[in-house]
Amino acid sequence: MTDDTPRHPAISLLIVDDHPVVRDGLRGMFESAPGFTVLGEAAGGVEAVEKAAVLDPDVVLMDLRMPGGSGVDAIRELTRRGARAKVLVLTTYDTDSDTLPAIEAGATGYLLKDAPRDELFTAVRAAAEGRSVLSPAVASRLVSAVRTPAPRNEPLSAREREVLALVAKGTSNREIARELFISEATVKTHLTHLYAKLGVNDRAAAVAVAYDRGILG
């Protein structure tokens with residue numbers, strides 16, 4: 001008798017932190033849980049970029065402040081190289097000077113190290129699927145940082161809501177255009193309009209504000 005239950009491939013990880021004890025703890029946590037595999041570790045941003053190129057993980061768990069190259073610089077370089085890996089920041093810092101640069105550099109999500117084990121597992125799964133993940137404290141800071149005096153009571157159109165929902169799932173402009181049977185130029189126009197209505201400048205901030213205002217989820 002065969003088992004016909006579909007099996008999903010394990011999510012592969014690269015753990016980046018300058019503290020060996022933290023790396024050991026994270027490795028043990030993920031290796032003891034089903035559905036994850038740890039491909040390697042790095043102690044700094046420079047090493048993280050090099051190992052990501054070789055190991056090609058699904059998700060990079062990235063600390064930010066490290067003597068061997070900052071996490072933000074590493075995220076920016078991975079984004080520049082078009083790396084397949086999604087970056088989930090895992091740090092003790094939630095100040096505006098840490099969160100905003102990391103998100104702007106291309107991080108898919110941002111969690112604090114005091115996050116519960118199950119929340120971390122859920123965040124890694126979400127990041128692997130390209131969905132934005134923000135801890136409540138970080139989301140609150142991000143929303144506060146992107147708020148502007150611009151009018152905020154103009155509702156999104158039905159199409160703008162559709163585009164925003166797909167953005168929240170990590171869908172690219174090209175994929176959104178294909179999904180909604182519109183051109184990429186039209187997608188960009190919808191994004192420009194919904195950014196203005198939400199008072200934001202990028203996709204991650206739009207998703208954060210949309211959740212905060214109850215437009216999503």
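The values are calculated or read from the model by the stated rules, or taken from the named source; none is laboratory data. Only a predicted model underlies this, so the values are computations on that prediction, with no experimental measurement involved. Please note: Cβ atoms are built from the backbone with ideal geometry, for glycine as well, and neighbour counts cover all protein chains shown.
Considering only residues that are of a type in the set (G, A, S) and surrounded by fewer than 23 Cβ atoms within 10 Å (Cβ to Cβ), which ones fall in region 45-84?
Hits for region 45-84 are A53, G68, G69, S70, G82, A83.
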Of (1) surrounded by fewer than 16 Cβ atoms within 10 Å (Cβ to Cβ); (2) within 18 Å of V133 (Cα to Cα), I15 fails just (1)
Odd one out for S97, checked against (1) under 27 Å from P9 (Cβ atoms); (2) free of Cβ contacts under 8 Å to residues at least 24 places away in the same chain = (1)
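Considering S183, S144, S172, which residue is at pLDDT 90 or above and among the small types (G, A, S)? Write out each step before concluding.
Details: S183 fails: at pLDDT 90 or above; S144 fails: at pLDDT 90 or above.
Answer to the check: S172.
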Can A48 be described as more than 21 Å from S132 (Cβ to Cβ) and at pLDDT 95 or above?
-> no
Could you count how many residues in region 165-185 are out of contact with any helix residue (DSSP H, G or I) (no Cβ under 7 Å at 6 or more places or on another chain), assigned to a helix (DSSP H, G or I) and either of a type outside the set (D, E, K, R) or buried (at least 16 other Cβ atoms within 10 Å of the Cβ) (or both)?
-> 2
The lone condition A83 fails out of (1) over 9 Å from the mean Cα position of the chain (by Cα); (2) within 26 Å of V21 (Cβ to Cβ); (3) without any contact (Cβ under 8 Å) to a residue 40 or more places away in the chain is (2)
Going through (1) surrounded by fewer than 18 Cβ atoms within 10 Å (Cβ to Cβ); (2) modelled with pLDDT of 95 or more; (3) among the basic types (K, R) one by one, R23 fails only at (1)
Residues (free of Cβ contacts under 8 Å to residues at least 12 places away in the same chain and within 23 Å of S135 (Cα to Cα)) located in region 173-211 = Y195
Within region 203-217, which residues are in a loop (DSSP other than H, G, I, E, B) and among the β-branched types (V, I, T)?
-> I215
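Being over 30 Å from R65 (Cα atoms), basic (K, R), outside any helix (DSSP H, G or I) and at pLDDT below 90 is true for just one of R131, R152. Which residue is that? If you could, list the steps in order and put the result at the bottom.
Details: R131 fails: over 30 Å from R65 (Cα atoms).
Sole residue among the options that is over 30 Å from R65 (Cα atoms), basic (K, R), outside any helix (DSSP H, G or I) and at pLDDT below 90: R152.
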